[in-house]
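Below is one structure, written out as C-alpha cells; the observations come after it.
The values are calculated or read from the model by the stated rules, or taken from the named source; none is laboratory data. As the structure is a computational prediction, the values presented were derived from the model and not from experiment. Quick reminder, even Gly has a Cβ in these numbers, built from the backbone with ideal geometry, and neighbours come from all protein chains shown. Keep in mind that these areas ignore ligands, DNA and RNA; they rest on the heavy atoms of the full protein, side chains included. Shrake-Rupley method; radii C 1.70, N 1.55, O 1.52, S 1.80 Å.
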Amino acid sequence: MSSGSKKRRTESEGDVEKELLDALIQICADMNDSSIILTPLKIECCNATSSHAASFSKAFCDTKPYDTRVLFGDVFRNGISILRDFEVSKKIPKEKQTLFVFNKLMDLLKGDRRLNLSDPLKFRSMSGTELTVLVANHLLGKLATSSCYLVDKNCNGKKGDQCFCGEDSCTMTGTYGDTSIGNPEVWHGNLDIINNNDLAVESLDEQPDTPETPGEKSPVEVKLKASLIENPQIIAQTIVFSFLQKKRHPNRDHFLTPCIGIGSSELIVMLYDSEHDVLLESSTIPLFENELSCRFSYCAILVCWLTVNYRYFCSGLTERYKMFKSNFFNIAREKINVYEHKLQFRNVRSSNFPKLIDPPVKVKAYISSFMHETHKMLCENYAKLNKSDEESSNEINESDSAGS
C-alpha cells in the first residue's frame, strides 16, 4: 500500500474519531442549542382513562415542562462510560454482549452511513411509516443486538419483504404483524414498529391515522419540524409501553423505557419511568448530516445506539430526577390498576389536539459530577486530537518544503 493510501486511511479514521467525540460531547454537556437534553414533563390533562377516545390515534395529552433540564447522557451512564473509556484510554468492553453491540457501532461509523436510495427524489414523497421502516432497516437494526423488528400489518404500501429504499437487493430484516398493545379500557392501539421485541418506534407524522384507514400515514410532502409536544400519540404509546415492559420484565433494575420518534429530518426520544412516574422528552436530533444529505448524522447514530440497547446502557433515574413527577399516576388513578396489571401485547381490539402550551424557555441543564468529569475528559482528549492534527500538518508542510 502506498504512503498516500495509508495517509488517507489514517485521516479517515481520525475524522471518525473526532466526529464521534464531538457527538459524545453534545450528549454529555449543555453548551449550545446542539446539545441533546431531556425535559421532564408534567401532564395537566389527558384522556388516559377515557374508553370513549382511548385509542392512540385519538390520544390527547396537555403537558407543561418543568424548569429543569437533564443531560441525555445522565440516564445512559452505562453506555457513556464505555464510550468515554474508549475515547480517553482506548479501552474496549470485556463483557461479551456489550462488546458485540460496541463493535456494531464501530462497524457502522467506519462503514457507509449513507441511506442509499434508488431514486432520491422519492424520499420527499415517502409516507411517515415508509421512512420509519427505512430508518429501522438501515440504522436501528444495524445497532441493536438483533436486526429483527415487527411492523404494523395495517400499514399501507407494503412491498413484501422488500425495503422501501428501492434497491432490488435490499430486503427487510423485519416482518409485518400484530403490534397492538394496551387495553380497550385505557390507551391502546398499534405501534408503527416494535424493534427487537423491546423498543417502540413511531412515525412523527403531522397528521394522525384516521379511523377509516387504520395504520395509513399521510405522505410527508412538506417537511415540517417534528415536535413531540404536538404529537400526544407518542406520549401515550411511551407510557403504555413502559407499563407493559414492567409487567413483562418485573425483575429489571429500573423501568425507564424509551420510545423513538422518527420525523422527516429529525428524531426524538421519549422516556417514561412507570415505577417513579417520570416523563422525559428529548430535544430534536438531526437525522442526517444536513438537509440535502442522506448520510446519518453521528449524533443520531450515537443516540440510537444508546436507545436501542437501553437494557444494557440505560442507568435509570438518579434520586434528583425522581422528584419530577409527570402526574400520570394521579390523573389515571381510577384505572391505574389496568395500566399496572392488565395491559396486553397483541390481540388488543378496539385528531390530535393543537399545541396547548407556550414553547419552553431556555433552561440550563443540571450538570451532575459524573457528566462534569466526563465532559472534562472528553474535551481534554479533543484538544489532544487537534494538537496531533496540527503537528502532522506541520510535518507534511516541512517535508513538502524540503522536497521542493
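Among the residues that make up the range 349-356, is at least one of them modelled with pLDDT of 95 or more and under 23 Å from the mean Cα position of the chain (by Cα)?
No: the range 349-356 contains no residue that is modelled with pLDDT of 95 or more and under 23 Å from the mean Cα position of the chain (by Cα).
Would you confirm, using the coordinates I've provided, whether Glu281 is at pLDDT 95 or above, open to solvent by 10 Å² or more (accessible area, probe 1.4 Å) and in contact with a strand residue (DSSP E or B) (Cβ under 6 Å, 6 or more places away or on another chain)?
Against the criterion (at pLDDT 95 or above, open to solvent by 10 Å² or more (accessible area, probe 1.4 Å) and in contact with a strand residue (DSSP E or B) (Cβ under 6 Å, 6 or more places away or on another chain)), Glu281 qualifies.
Residue check: is Asp168 surrounded by fewer than 21 Cβ atoms within 10 Å (Cβ to Cβ) and modelled with pLDDT under 90?
Taking the combined requirement at face value, the residue satisfies it.
Identify the residue in the range 26-59 that is of a type in the set (A, V, I, L, M, F, W, C) and open to solvent by 40 Å² or more (accessible area, probe 1.4 Å) and, among all such residues, is nearest to the chain's Cα centre (by Cα). If you could, list the steps in order and put the result at the bottom.
Here is the first cut: in the range 26-59, the residues of a type in the set (A, V, I, L, M, F, W, C) are 27-29, 31, 36-38, 41, 43, 45-46, 48, 53-54, 56, 59.
After this cut, where a residue has to be open to solvent by 40 Å² or more (accessible area, probe 1.4 Å) as well, the list is 31, 45.
Numbers: Met31: 21, Cys45: 26 Å.
Going through the qualifying residues, I end up with Met31.
Considering only residues that are touching a Ser or Thr at 6+ places or on another chain (Cβ under 6 Å) and at pLDDT 90 or above, look in the range 149-165 and name the one that is least open to solvent (accessible area, probe 1.4 Å).
Result: Asp152.
Looking at Phe324, Phe328, Phe255, Phe288, which one is open to solvent by less than 50 Å² (accessible area, probe 1.4 Å), among the aromatic types (Phe, Trp, Tyr) and closer than 18 Å to Gly79 by Cβ?
Only one candidate passes the filter, namely Phe255.
Please give the number of the condition Asp192 fails out of (1) modelled with pLDDT of 85 or more; (2) out of contact with any helix residue (DSSP H, G or I) (no Cβ under 7 Å at 6 or more places or on another chain); (3) crowded, with 23+ Cβ neighbours inside 10 Å; (4) closer than 21 Å to Ala300 by Cα.
Only one criterion in (1) modelled with pLDDT of 85 or more; (2) out of contact with any helix residue (DSSP H, G or I) (no Cβ under 7 Å at 6 or more places or on another chain); (3) crowded, with 23+ Cβ neighbours inside 10 Å; (4) closer than 21 Å to Ala300 by Cα is unmet by Asp192, namely (2).
Which one of these does Phe296 not meet: (1) over 18 Å from His138 (Cα atoms); (2) open to solvent by less than 10 Å² (accessible area, probe 1.4 Å)?
That leaves (1) as the condition not met.
How many residues does the range 145-187 contain that are touching a helix residue (DSSP H, G or I) at 6+ places or on another chain (Cβ under 7 Å), of a type outside the set (Gly, Ala, Ser) and outside any loop (DSSP other than H, G, I, E, B)?
3
Anything in the range 282-314 that is under 17 Å from Thr39 (Cα atoms) and within 11 Å of the chain's Cα centre (by Cα)? List them, or say none.
Matches in the range 282-314: Ser282, Ser283, Thr284, Ile285, Val303, Thr307.
Just checking, how many residues over the range 291-310 are closer than 13 Å to Leu256 by Cα and either modelled with pLDDT under 95 or part of a loop (DSSP other than H, G, I, E, B) (or both)?
Within the range 291-310, residues that are closer than 13 Å to Leu256 by Cα and either modelled with pLDDT under 95 or part of a loop (DSSP other than H, G, I, E, B) (or both) number 1.
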